[in-house]
1. Here are some conditions: (1) surrounded by fewer than 12 Cβ atoms within 10 Å (Cβ to Cβ); (2) under 18 Å from the mean Cα position of the chain (by Cα). Arg31 meets all but one. Which one does it not meet?
2. Being surrounded by fewer than 17 Cβ atoms within 10 Å (Cβ to Cβ) and more than 13 Å from Leu84 (Cβ to Cβ) is the filter; apply it to the stretch 18-28 and report the residue that is nearest to the chain's Cα centre (by Cα).
3. For Lys81, state whether it is touching a residue at least 60 places away in the same chain (Cβ under 8 Å), more than 26 Å from Glu218 (Cα to Cα) and within 23 Å of the chain's Cα centre (by Cα).
4. Determine which member of the set Lys81, Lys97, Lys60, Lys73 is farther than 20 Å from Ser273 by Cα and either out of contact with any strand residue (DSSP E or B) (no Cβ under 6 Å at 6 or more places or on another chain) or assigned to a helix (DSSP H, G or I) (or both).
5. What pairs come out if I take residues in the stretch 39-65 that are more than 11 Å from Leu29 (Cβ to Cβ) and pair them with residues that are modelled with pLDDT of 90 or more and acidic (Asp, Glu) whose C-beta lies under 6 Å away, six or more apart or interchain?
6. Within the stretch 105-139, which residues are touching a Lys or Arg at 6+ places or on another chain (Cβ under 7 Å) and over 15 Å from Tyr281 (Cα atoms)?
7. Report yes if Arg157 is loosely packed, with under 15 Cβ neighbours inside 10 Å and over 24 Å from the mean Cα position of the chain (by Cα), otherwise no.
8. Quick one: which residue in Thr105, Thr57, Thr47 is of a type in the set (S, T, N, Q), crowded, with 17+ Cβ neighbours inside 10 Å and within 30 Å of Ala222 (Cβ to Cβ)?
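The values are calculated or read from the model by the stated rules, or taken from the named source; none is laboratory data. These numbers come from a predicted model, not from an experiment. Heads up, the Cβs are rebuilt from the backbone with ideal geometry, glycines too, and the neighbour counts pull from every protein chain shown.
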Amino acid sequence: MEEKKSIFKKMKEGLSKTRKGITGRIDELLRYYREIDDDFFDDLEETLIISDIGYETSNKIIEDLRKRVKDEKIGNVDQIKAILKENISQILEKDSKGLDLPSPTVILVVGVNGVGKTTTIGKLANILRSNGKKVLLAAADTFRAAAAEQLEIWANRAGVDIVRHNEGADPAAVVYDAIQAAKSRDRDVLICDTAGRLHNKKNLMNELEKIKRVIDREMPEAHREVLLILDATTGQNAISQASMFKDTVGITGIVLTKLDGTAKGGVVIAIKSQLDIPIYYIGVGEQMDDLQPFDPQAFAEGLFE
């Protein structure tokens, strides 16, 4: 119970800017309008779009709202906010699931530079170790300057081992050595940092396919996850990145970082509505324990508190 309360508290605090951006605007709108008409719906849809929920998702929410207002003969604008919260909760809860990692598991972590990939790997490793998993990191982003050094710092903070080569080494060779180390040290989870260069999708795809072939050959029994790290502060651009990575490398889940630093958290709703990909974790702060499992109910509560 205490843990649940802590999640709600962190979520509420982390979503303060987004809450002000979305529900603050909605509250202004509800104060302005006395009746529910076409102008009200148009302005509400515009408010949702401005809040980074996106055109497609905002349009769907408004269409559902129009139907419910008509069917239930709702005439009071004060009821709108509760219905919106319910609608958004349903979007967030659809096909929502946690990250279940049997032993052994190999996680490939992808994402463009600057999204908080290295930090997220360190925090995820800390969560898994705290939950009793034996974790090993592989520094397979060998082309970005100092990437391995940064990952090693986070490995030390999380209290887990790391396998790394020199800068410019073959990423697949790093993963090969990491798999051998994971097997010999009896590790449950191997987390592999990978390069995230989207300007040349062919090279990225070839590199990841080579890594996957090494895993197929050396650890065929392993459960696989491909986690995409997205920066919430980029808003709708995060949707574009997710679509490109989904098409290119076949991601299985999303971690959304920096939600505490942006009013663009509405993008979570857009991601859940438009992409058939689970959100496993969200980042709501800088501390080691500020990577939180995505809880749809806590998110909706934090948004409309």
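1. (2)
2. Lys20
3. Numbers: touching a residue at least 60 places away in the same chain (Cβ under 8 Å): yes; more than 26 Å from Glu218 (Cα to Cα): yes; within 23 Å of the chain's Cα centre (by Cα): no.
For Lys81, the condition - touching a residue at least 60 places away in the same chain (Cβ under 8 Å), more than 26 Å from Glu218 (Cα to Cα) and within 23 Å of the chain's Cα centre (by Cα) - is not met.
4. Lys73
5. These pairs meet every condition: Ser58/Glu45; Ile62/Glu45.
6. Across the stretch 105-139, the qualifying residues are Val106, Asn113, Lys134, Val135, Leu136, Ala139.
7. Details: loosely packed, with under 15 Cβ neighbours inside 10 Å: yes; over 24 Å from the mean Cα position of the chain (by Cα): no.
Considered against the rule, which asks whether it is loosely packed, with under 15 Cβ neighbours inside 10 Å and over 24 Å from the mean Cα position of the chain (by Cα), Arg157 comes out as no.
8. The unique qualifying residue is Thr105.
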